[in-house]
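The values are calculated or read from the model by the stated rules, or taken from the named source; none is laboratory data. Here the structure is a predicted model, which is why all the values come from computation and not from measurement. Note that we place each Cβ from the backbone using ideal geometry, even for glycine, and neighbour counts take in every protein chain shown.
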Amino acid sequence: MTSATKNVSEQTRSRLLNAAREAFSQQGFQGATVREICRRAETNVASVNYHFGSKDGLLAEALNFGQLKALQMANVKAGKNPEMRLQLFIRDFMSMLLDEKTPSSQCRIMARELADPTPALDKIVREAIAPLHEFLGDLVREILDNNAGGGKTSEAELRRCVHSILGQCLFYRHSHPVLQRLHPKLRYDGKEIDAIAGHIADFSLAGIKRITGS
């Protein structure tokens, strides 16, 4: 393979990945056809098998949750105050879910799979959702234990807190079509996303304090 041919091949592969992430996030794994993905990538349908072996192989490559992992790593380095880190996490996570200017198609694929599961969900849970729950669980446990004055937080209580926080975040993604109809002027711009994230953080922290009696 010549250098020029290799470059063209890499460009085609990159276009397929970008098109697949966009299509999977909008239509789900079942709804996004190979033909539609290739149309968006401006290439022929045989290129999916050539570069990825199958549609499943394309999905496996498209589901690279590096941005989500980077968010978690940056959060760990942000400071020692767990309440501040929770606020920061919610803000960054909501930006990834909602910001149309800097969309995270992987997060949207994840959100779509939660609402309408396909065979891809096992991989998403293993590589993205389980690590995210573990990360957020550690953070929430620290807040709970600090507010409880050294008391022991049960695993069930911790799990419910994590689910409540993520449930609030994902609501704004899943319910966007309904919310637009209820509030036609609603736009997920930077100001609105910050306001939503701030509300979720305040609401969650107040709930944690109520649970611990502080």
Taking the residues in region 43-58 that are crowded, with 18+ Cβ neighbours inside 10 Å and farther than 16 Å from E22 by Cα as candidates, determine which candidate is farthest from the chain's Cα centre (by Cα). S47
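When you look at V162, is it at negative phi and in contact with a Gly (Cβ under 6 Å, 6 or more places away or on another chain), yes or no?
On the way: at negative phi: yes; in contact with a Gly (Cβ under 6 Å, 6 or more places away or on another chain): yes.
Yes, satisfied.
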Test L166 against the stated conditions and say whether it is more than 22 Å from A70 (Cα to Cα) and not basic (K, R). no
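Yes or no: E113 within 25 Å of A62 (Cα to Cα) and modelled with pLDDT of 95 or more?
no
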Unmet requirement for A70, which otherwise passes all of (1) touching a helix residue (DSSP H, G or I) at 6+ places or on another chain (Cβ under 9 Å); (2) part of a helix (DSSP H, G or I): (1)
Could you run through region 174-211 and say how many residues are more than 18 Å from R108 (Cα to Cα) and not in a helix (DSSP H, G or I)? 4
Every residue from region 126-164 that is at pLDDT 95 or above, among the aliphatic types (A, V, I, L, M) and over 16 Å from N75 (Cα atoms): V162
Long-range neighbours under 8 Å by Cβ, at least six apart or interchain, first residue under 20 Å from G66 (Cβ atoms) and in the same structural domain as C169 (by TED's automatic domain parsing) within region 124-147, second assigned to a helix (DSSP H, G or I) and acidic (D, E): I124/E113
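Within the group I109, I90, which residue is under 22 Å from C161 (Cα atoms), buried (at least 22 other Cβ atoms within 10 Å of the Cβ) and within 14 Å of the chain's Cα centre (by Cα)?
Result: I90 is the single residue among I109, I90 that is under 22 Å from C161 (Cα atoms), buried (at least 22 other Cβ atoms within 10 Å of the Cβ) and within 14 Å of the chain's Cα centre (by Cα).
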